[in-house]
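Beneath this line is the structure, given in structure tokens, with notes to follow.
The values are calculated or read from the model by the stated rules, or taken from the named source; none is laboratory data. In this text the structure is predicted, and so the values were computed from the model without any measurement. Cβ: placed from backbone, ideal geometry, glycine included. Neighbour counts: every protein chain shown. Ligands, DNA and RNA are excluded from the accessible area calculation, which covers all protein heavy atoms including side chains. Shrake-Rupley method; radii C 1.70, N 1.55, O 1.52, S 1.80 Å.
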Amino acid sequence: MSADQTLAFDPDCHIFTGCGFPAPGLHTFMYEPMFSVGGFDFTKPMLLAILGSLVVVGFFWAAFNKPKLIPGKMQMVGEAGYDFVRRGIVYEIIGKKDGEKYVPLMVSLFFFVWMMNLWSIIPLAQFPVTSLIAFPVALALVVYVLWVSLTFKKHGFVGGVKNIVGYDKSLGPILPLVVVLEFFSNMLIRPFTHAVRLFANMFAGHLLIVMFSLATWYLMNGLGFVYAGASFVMVLVMTAFELFIQAVQAYVFVLLACSYVQGALSEHH
């Protein structure tokens, strides 16, 4: 936890000392600008996002800058990660023929999202960037714009509209209802849920880790030491669980992105 995350936390505040438990809240996710450049303020999450981008780019540059027929350790890890996204997600959802051109984008999204999530358990950083809604929204908008543009490019204007609203004459009397529902579902709800799914999971996970961390410190007084140990165990358990969730959320985000691309290339959703 950083000083920004614990504005209401007194290090001398423990159980049986007369102060209440400093429960984490929205202030846990609010950061003061660290510095400004040209009137533009930079916060810790923004710097972590920039640093995360550099880490991902730097890793793949180091892995594939001078590829070898017999790969070294770095290249082997890079190939494994790239191939996992290509074969395990893109080919499975979009197909090998249509999906190959989207592999670079999906690999970039997967490792960027994963890196943004991983900051949560990295010392000194200790904050998942995707727990701030602006970052998942920006990534979801990239996928949304790609989906809409592909839909109209593939089917033309009329065909694109039919694709989006799921137009099918065989539906008969319920066609107008389906058209309205599909329109709102695809044009409004889809990008919203794509962003919120990632945001909500990382927000909740980080809040739980912070809560048990604060509880561990708060209980370290008198008989509270017994419960502090249990709280610390929960910190470890939640951190391990968070590691799993971080990877799963990156996977799900890219999986959904691929399903949207596949839907844009098909006749109907």
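Per-residue ellipticity at 222 nm computed for the chain from its helices equals -21500 deg cm²/dmol, with DSSP H segments shorter than 4 residues left out and the rest contributing -39,500 (n - 2.57). Unpaired Cys in the chain, meaning no second Cys C-beta under 4.7 Å: 258.
Per-residue packing, averaged as other Cβ atoms within 10 Å, sorts the ranges 144-150, 239-245, 33-39 into the order 144-150, 239-245, 33-39, beginning with the highest. Largest first and in whole Å, the equivalent-ellipsoid semi-axes of the range 85-189 read 34, 19, 11, each the square root of five times a Cα gyration tensor eigenvalue.
Using a probe of 1.4 angstrom, how much of the accessible area of the chain is carbon and sulfur, in percent? Before the final figure, lay out each step's value.
Details: 10720 of 14700 Å².
That share works out to 73 percent.
Normalising the Debye intensity of the chain to I(0), with uniform scatterers on Cα atoms only, and taking log10 at q = 0.17 Å⁻¹ returns -1.27.
The distance between label points at residue 74 and residue 10 comes to 5.1 nm (points 7 Å beyond Cα on the Cα→Cβ vector). Across all directions, the shadow cast by the convex hull of the range 1-105 built on its C-alpha atoms averages 12.7 square nanometres. From largest to smallest, the equivalent ellipsoid semi-axes obtained for the range 14-64 from the alpha-carbon gyration tensor read 36, 18, 7 Å. Note on residue 57 and residue 124: with the Förster distance fixed at 25 Å, the Cβ-Cβ geometry gives a FRET efficiency of about 0.75.
Each label was represented as a point 7 Å from its Cα along the Cα-to-Cβ direction; for residue 84 and residue 188 these points are 3.8 nm apart.
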